[in-house]
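A quick write-up on the structure given underneath.
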Amino acid sequence: QVQLVESGGGLVQPGGSLKLSCVGSGDIFQFSTMNWYRQVPGKQRDWVAIMFRGGATNTAGSVKGRFTIAGDVTKGTVSLQMNNLSPEDTAVYYCNARKKGIDYWGEGTLVTVSS
């Protein structure tokens, strides 16, 4: 089995920064991608950023230039550096890993951007 554990969420003021981390354990081999998603209660879960096994990355347009994904998919670890945060970034952030077409999810970490 696969377990993903996120950490690093919390309360931050607008314009501030946070870094989220995700650590995988168990059968982490053969992950093809690791992703970050976010979800506001009552709304759909939105994709934020992706890291491929080979190291390539991409981010959603809404966070491009502010959020950076880093890590090592082969080791089951990714982070999300979030800068210049705004209240619109408030959400539960989820780590995701995909292996052989199956999605694995962490339980999420809450990020609240408020003054």
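The values are calculated or read from the model by the stated rules, or taken from the named source; none is laboratory data. Remember, predicted model here, so these are calculated numbers, not experimental data. For the accessible areas, the whole protein counts, side chains as well, though only heavy atoms, and no ligand, DNA or RNA atoms are used. Shrake-Rupley method; radii C 1.70, N 1.55, O 1.52, S 1.80 Å.
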Practice task
Heavy atoms only, probe 1.4 Å: what % of the accessible area of the chain goes to carbon and sulfur, would you let me know?
Solution key: 51
Completion exercise
The set of residues whose placed amide H lies less than 5 Å from the amide H of Asp27, leaving out same-chain residues fewer than 5 positions away, is Val2, Gln3
Handout entry: the range 96-103 - phi-based ³J(HN,Hα) in whole Hz, Karplus 6.51/-1.76/1.60, Gly and Pro as x
Key = 9, 10, 10, 9, 6, x, 9, 9
Problem - GNM flexibility winner over the chain from Lys19, Lys75, Lys100 (Cα, springs under 10 Å) - result: Lys100
Completion exercise
Whole-Hz Karplus couplings 3J(HN,Hα) for the range 36-51, θ = phi - 60° and coefficients 6.51, -1.76, 1.60, Gly and Pro as x, run 10, 10, 9, 9, 8, x, x, 10, 6, 7, 10, 6, 10, 7, 9, 10
Exercise for the section: List, in order, the whole-Hz ³J(HN,Hα) value for each residue of the range 67-80 obtained from phi through the Karplus relation with A = 6.51, B = -1.76, C = 1.60 and θ = phi - 60°; use x for Gly and Pro. Expected result: 10, 9, 9, 8, x, 9, 5, 5, 9, x, 10, 9, 10, 9
Completion exercise
Expected max-MSF residue from Val40, Val78, Val23 in the GNM of the chain (alpha carbon, under 10 Å) is Val40
Handout entry: Long-range amide H partners of Thr90 with built H, under 5 Å
Key = Val113
Practice task
Using amide H atoms built 1.01 Å from N in the peptide plane, name the residues 5+ places from Gly108, or on other chains, whose amide H lies under 5 Å from its own.
Solution key: Glu6, Cys95
